[in-house]
Structure formats: structure tokens, C-alpha cells
Amino acid sequence: MAKIIDGKQIAQDLRSELKEQVAKLSSEGKTVALAVILVGENPASQVYVRNKKKACEEVGIQSLSYELPEETTQEELLELIEKLNHQSGCNGILVQLPLPRHIDEDAVIAAIDPKKDVDGFHPVNVGKLSIGQPGFVSCTPAGIIQLLKRSDVAMDGKRAVIIGRSNIVGKPMSLLLLRENATVTVAHSHTADLPALCREADILVVAIGRAKFVTKEFVKEGAVVIDVGMDRDENGKLCGDVDFESVEPVASAITPVPGGVGPMTIAMLLCNCVQSLERMEM
């Protein structure tokens, strides 16, 4: 039986630690504040933003909310970001994606001050990660590293395979695992004989957005399996990219969906917010 990696509990532990940090900063007269910008009325985005605000409130981070109409122009959004870049009472800026089609996401991400880019998407922060310099790291892969460390999963010298090469998960995940001295392979839709490659992995990270795609045929006996997916199965039930029932008996440890990687993403966002205050004082 695999150990179930409880992302919910680990995220809660992290939030408790952050709450203490924020309280200490507050006693020194320092406020951590996150600006959250939502453009339009995407229902999923509204839920994500609500959860982020709630998490901020729980640890004592001030939430600055900007809910803009769908017809907001790119120029208006960039003006707001520029204002927040120079606002001393704002430490972090988060623009909830996706944006309406008439707005260029890359231009918006590039407009955020890298020191306030708590999502870790700015090209400067991505570049810093690639050359090993300190900067903000995309929250989901950073959360996975915390899951592994806090579950006592050794990464040094291990073979890691990542299925997925997105800018938000796959690529930064590969760099973070390299930083932990794992030997890393990034696989994707053009990879030949994907199951055979995955069976070489001590640590398998799956982030492809295909419900229950990875079955036991992909997993080496005793591997650690991290499921980043958030999908719906044929019955409309929430599931991951990994077929949990098939893989769980083979793996030594596995993340469930829900309750695995998901809670860690918001927890790492809060970590980045606290770090943003410390970096702005440097």
C-alpha cells in the first residue's frame, strides 16, 4: 500500500508557519499585502480568487482586490499594474489567468515588477530559476518540492521523469528537481514509448491534463507519483491525470486528487507574498 501524501495537511502546516511569520512582521510594523486582479466573470477564476483571498485572511496577509469588467482594455489593466508596481503598501501582484481574449497575457505578465511577481511567471524570475539565482518560483512546482521534502522523499541522485512541458509546471519542475540533484527527463506528447520511459522513474510527476492517463503500466514498483492533474472522469467526478486505483498499489507514495498538489499551490503563493516583503527591503 502506497503512502498517501496529504497535501491538505502539509499546506495547513505551511500556513500555520506563515501565520507566525506574518504576526512577527506585523509586530515590527510591517504589513504583507497582495493585490489580486480579476478581469471578467470566469466562474472558475472567481472561485480561485475567492480561495486566495480566504487563504490570505487566514494567515494575516492583507488582500487588495481589483475586480474589473470583461471589457477592460489592455491599456487600462497595464495602467493599474504600473500603479501597483509603485505602491509601497503592495508587496505582491497576482493577475488571475486566463484573461479575456483581447488582452495579451504575455504583455501583462511582463509588466509586473519582478520583485512583486508572486506567481513566478515573469521572464526575469524564470531566467533566474534557470541559472540558479534567487527569485520567485511558479507556485505549483515549488509546492511539489515542499510536498516531497516534508514527506521525506529523497531527491538527490534519484531519477525523475516529468510528463508535461508547460511554462507553469513542467519546465520549472525540471529545474527545481535538478536543483535538488535529481537526474531529470521531461517527457511529452511526442515522446516515444512513454510508458517504458516512465517506468525508469523513482519520482514521476504527471502534468498533462488528461484524466486517468497514467496507469500502473507507467509506474515502476516503489516509485513516488505526483499527480498535478485536475480533470473530470466519465461520470463528472474530479480526478487527476493518474489512474489512482491502478497506480496506488504499485507506488511507494502518491498524491490524491483532490487534496494533493492543489492545496500546496495557494500555500506557496502565500510564501512568495511573505518573501516579497523581505526582498523589497533588501
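Data overview
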| read-out | value |
| --- | --- |
| Qualifying residue in the stretch 120-128 (condition: touching a His at 6+ places or on another chain (Cβ under 9 Å) and either assigned to a helix (DSSP H, G or I) or not assigned by TED's automatic domain parsing to the domain that holds Ile208 (or both)) | no |
| The stretch 33-51, subset in contact (Cβ under 8 Å) with a residue 12 or more places away in the chain and of a type outside the set (A, V, I, L, M), residue surrounded by the fewest Cβ atoms within 10 Å (Cβ to Cβ) | Glu41 |
| Output for the stretch 232-256, where each listed residue is under 18 Å from Cys198 (Cβ atoms) and not β-branched (Val, Ile, Thr) | Gly240, Asp241, Asp243, Phe244, Glu245, Ser246, Glu248, Pro249, Ala251, Ser252, Ala253 |
| Filtered residue count, the stretch 1-14, keeping only those that are surrounded by fewer than 17 Cβ atoms within 10 Å (Cβ to Cβ) and modelled with pLDDT of 95 or more | 6 |
| Unmet criterion (only one of (1) surrounded by fewer than 16 Cβ atoms within 10 Å (Cβ to Cβ); (2) within 27 Å of Ser26 (Cα to Cα)) for Cys56 | (1) |
| Filtered residue count, the stretch 54-99, keeping only those that are outside any loop (DSSP other than H, G, I, E, B), more than 21 Å from the chain's Cα centre (by Cα) and of a type in the set (D, E, K, R) | 6 |
| The stretch 1-53, subset part of a helix (DSSP H, G or I), among the small types (Gly, Ala, Ser) and in contact with a helix residue (DSSP H, G or I) (Cβ under 8 Å, 6 or more places away or on another chain), residue nearest to Ile266 (Cα to Cα) | Ala11 |
| Close pairs (9 angstrom Cβ cut-off, 6 or more residues apart or separate chains): within 13 Å of Val118 (Cβ to Cβ) in the stretch 80-101, part of a loop (DSSP other than H, G, I, E, B) and small (Gly, Ala, Ser) anywhere | none |
| Subset of the stretch 247-259 [on the phi < 0 side of the Ramachandran plot and part of a loop (DSSP other than H, G, I, E, B)] | Glu248, Pro249, Val250, Ala251, Ser252, Thr255, Pro256, Val257, Pro258 |
| Subset of the stretch 74-130 (residues that are surrounded by 14 or more Cβ atoms within 10 Å (Cβ to Cβ) and among the basic types (Lys, Arg)) | Lys115, Lys116, Lys128 |
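Every residue, every condition in (1) touching an Asp or Glu at 6+ places or on another chain (Cβ under 8 Å); (2) of a type in the set (Asp, Glu), yes or no:
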{"residue": "Leu14", "(1), (2)": "no, no"}
{"residue": "Glu20", "(1), (2)": "no, yes"}
{"residue": "Ser26", "(1), (2)": "no, no"}
{"residue": "Leu34", "(1), (2)": "no, no"}
{"residue": "Gly40", "(1), (2)": "yes, no"}
{"residue": "Tyr48", "(1), (2)": "no, no"}
{"residue": "Cys56", "(1), (2)": "no, no"}
{"residue": "Gly60", "(1), (2)": "no, no"}
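So that you can scan it fast, the table gives a plain yes or no per residue for (1) under 30 Å from Gln21 (Cβ atoms); (2) buried (at least 23 other Cβ atoms within 10 Å of the Cβ); (3) of a type in the set (Phe, Trp, Tyr); (4) modelled with pLDDT of 95 or more:
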position: Leu177; (1), (2), (3), (4): yes, yes, no, yes
position: Glu180; (1), (2), (3), (4): yes, no, no, yes
position: Ser189; (1), (2), (3), (4): no, no, no, no
position: Leu204; (1), (2), (3), (4): no, yes, no, yes
position: Glu234; (1), (2), (3), (4): no, no, no, no
position: Gly240; (1), (2), (3), (4): no, yes, no, yes
position: Phe244; (1), (2), (3), (4): no, no, yes, yes
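The values are calculated or read from the model by the stated rules, or taken from the named source; none is laboratory data. Given the structure is predicted, the values throughout are model-derived calculations rather than measurements. Using ideal geometry, Cβ is built from the backbone for each residue, glycine included, and neighbour counts are taken over all protein chains shown.
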